[in-house]
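Worksheet for the structure shown next.
What follows draws every value from the coordinates through simple rules; no lab data is involved. Keep in mind the model is a prediction, meaning the values are calculated, not measured. Positions of Cβ are generated from backbone atoms using ideal geometry, with glycine treated the same way; all protein chains shown enter the neighbour counts.
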Amino acid sequence: THEDEEEDDSSPTKKQHGHGEKVATHYNTLQETGLAARSQSRIFYMRNFNNWLKSVLIGEILDTVRQSRRELSVLDLGCGKGGDLLKWRKGHISRLVCADIAAVSVEQCQVRYEYMRKRGHPNERIFSAEFITADCTKELLTDKLKDPKMEFDVTSCQFVYHYSFETQQQADLMLKNACERLRPGGYFIGTTPDAYELVKRVETLDSNSFGNEVFSVTFQKKGDYPLFGCQYDFNLEGVVNVPEFLVYFPLFEEMAKKYNMRLVFKKTFSQFFEEHIKNDQHKMLMQRMQALESFPTDNKNKSSSDNLDDYDHAKEK
Ligand code: SAM
C-alpha cells in the first residue's frame, strides 16, 4: 500500500544520483489529478484508508507524547507535498520540519502550509514550520536545520523508508536522520510495505510479478532477496512507478538500536484496522473519510468535500 496523496510537481529537482534521482524526478513530475478526478479513481478508497490509518497513528502518538510535554516538535521525513500537514494542525503541534528529496514537492508543501496559516482563525496558534530539500539517505538533516540543536518529539516517515533500503549506508543515514535528534522518550513512527507479504506473494507464483488491474509489483529477481538493494518496481494505476526496496524488518529493528531506539509496536495494516475500528471515534472518522468501499455508512451520497483532502478543511469550518 502506498501514499495517500500523489505529488503534483512539474519541474526537475537538483541533481541527484542513482535511484534517488529517479525517485525525485518521479515525484517532481507527477501531475495533480485533483479531488474530483481522484474520487473517481479505483484507488480512491485505498488512499482514504491509508490516510485514515495515518491520522489515527499520528493522533495516538501525539496524545502519548503530550502526556509528558506540552509543546511538540515533529520531523516529517519524506513529507511529499504535505499530505499530513492538516494532521499536524489537528494534533496541535508547535513546530514542524518537513524534508523531502523532491524539491518541487517541498515547495508545494510550503505553499500549502502558508495557505493554511493565512486561512486559519486569527486566534488559532498554527505551528511554525521549516522546509528542507534533501536526499535524506545521503545528507544529514542536522547540517540543514536552521537550529542544528533542534530536538523532536516525533519523527514521522510515511510511505518513505523503503526507498532507503538500497544500500546499508543509505538505510543507516535515513535512520540517523530520523532518530538522532529525537528527545529521550521520542517516537519514530512510519508506514512501509510489508516485505514478508511481498515475498510470499511473488514466491507463490510462477512469475516474478504479481498484482491486478490496479497495481503490480515486479521483482527484478526471484528467489534471492538480499538484505539491501532488493529492488522491486511498484506500479499503481500509473501513479507510482519507481524502484522500491524490501525492508527486512528484523534487520531494521536491529539497526535502530544503534540510535537507542526500541521497538514499541509493529503491525500490519489489517491488524491496525481491526484494533482501532472498535473505537467509535476512529470508526466515525473512517466513515467521514470514506475509507472503506463497503463500510456500512449513510454517507454514500456525500459530496466530494467530505473526501480525504477536504476532511481536515471541513473540520475547521
Ligand atoms: N509522506 C508523504 C505522505 O504520506 O503523503 C509522501 C509519501 S510518497 C509515497 C514518498 C515520498 O518519499 C515522496 O515525496 C518522495 O519524494 C520521498 N522520498 C523518497 N526518497 C527520499 C529520500 N531519499 N529522501 C527524502 N525523501 C524521499
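Over what distance in Å are the Cα centres of the stretch 242-290 and the stretch 65-120 separated? Their Cα centres are 20 Å away from one another. Only the Cβ atoms of Lys and Arg (+1) and of Asp and Glu (-1) were treated as charged; on that basis the dipole of the stretch 184-253 about its Cα centre amounts to roughly 140 debye.
Which pairs break 22 Å Cα to Cα here: Lys81/Lys138; Lys87/Lys144; Lys90/Lys266; Lys87/Lys118; Lys149/Lys266? Please list the in-between numbers first.
Details: Lys81/Lys138 20 Å; Lys87/Lys144 24 Å; Lys90/Lys266 24 Å; Lys87/Lys118 17 Å; Lys149/Lys266 29 Å.
Pairs exceeding the cut-off: Lys87/Lys144; Lys90/Lys266; Lys149/Lys266.
Highest mean packing comes first when the peptides 178-184, 49-55 are listed by Cβ atoms within 10 Å, giving 49-55, 178-184.
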